[in-house]
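Have a look at the structure below, then the notes.
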Amino acid sequence: MNIREAIRARHSVRQYKKEPISAQDREKLTELISEVNGDSGLNIQIIFDEPKCLDSVLARFSKFRNAENYIAIVGDKSLADLNERAGYFGEKIVIAAQMMGLNTCWIGGSFSRKNCGAAIGDDEKLVCIIAIGYGLNEGARHKSKPFAKLCDIPEAEMPVWFKAGMIAAMMAPTALNQQKFFVEMQGEEALITTNGGGMAQIDLGIVKYNFEAASGHRCV
């Protein structure tokens, strides 16, 4: 599975098999997160075999099941772009996990922060978590707004790279599937902006990662 295939195949999964993540996959994930932390300046942590964080009333209401492994996106509070950075590098891990045969779900609020197993310093913030494991299913594709609602270029006039990036951006998970972003082409780069919302900056980072990974062109 290449990265475009992984973006297309990845959907949010809330119900997982009662199966521990294998030792081999744990090692790969741990190494990946270490590399991502080095690149991002974040303090992302993966917690295995810990059921309390996603055993809250809200998590059960949101239909999470056997979600006992999760990635905690933690970073320095002083980072002006902390939420966007969390989305971008969190999505990098999510897509890599999909390529490994794991399933994931971004979670902004339906978890117990007091029971989160991450180590969080006084100068740090827990932005969100990502459930991870072997899904009971592969999830379902979300509906998307049309190209015309999300960018300023008619589909027929899009360069190949831009269209590939747009398709990947439209597949990106966003809060409540609202897709509050807009993409413009600026030469060989893409300008992606957000229309606001509670998770807007996290969503923006996720969308930027998908666009860049699929198109091979930078987002600004």
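Every number in this text was worked out from the coordinates using simple rules, so none of it is lab data. Keep in mind that this is a model prediction, so the values were computed, not measured. Counting neighbours? That spans all protein chains shown, and the Cβs are built from the backbone with ideal geometry, glycine included.
Conditions (1) assigned to a strand (DSSP E or B); (2) farther than 25 Å from residue 48 by Cβ, marked per residue:
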| residue | (1), (2) |
| --- | --- |
| 87 | no, no |
| 92 | no, no |
| 132 | yes, no |
| 142 | no, yes |
| 148 | no, yes |
| 165 | no, yes |
| 173 | no, no |
For this session: Hey, can you tell me all the residues within region 67-80 that are within 15 Å of residue 123 (Cα to Cα) and assigned to a loop (DSSP other than H, G, I, E, B)?
Result: 77, 78, 79, 80
Seminar exercise, completed: Among residues of region 36-66 being among the hydrophobic types (A, V, I, L, M, F, W, C) and part of a loop (DSSP other than H, G, I, E, B), the residue surrounded by the fewest Cβ atoms within 10 Å (Cβ to Cβ) is 48
For this session: State all residues of region 1-35 that are closer than 19 Å to residue 208 by Cα, among the basic types (Lys, Arg) and surrounded by fewer than 18 Cβ atoms within 10 Å (Cβ to Cβ); if no residue qualifies, say none.
Result: 4, 8
Exercise. With respect to the numbered conditions (1) without any contact (Cβ under 8 Å) to a residue 24 or more places away in the chain; (2) of a type in the set (Ser, Thr, Tyr); (3) over 22 Å from residue 136 (Cβ atoms), which one is the sole condition not fulfilled by residue 22?
Worked result: (3)
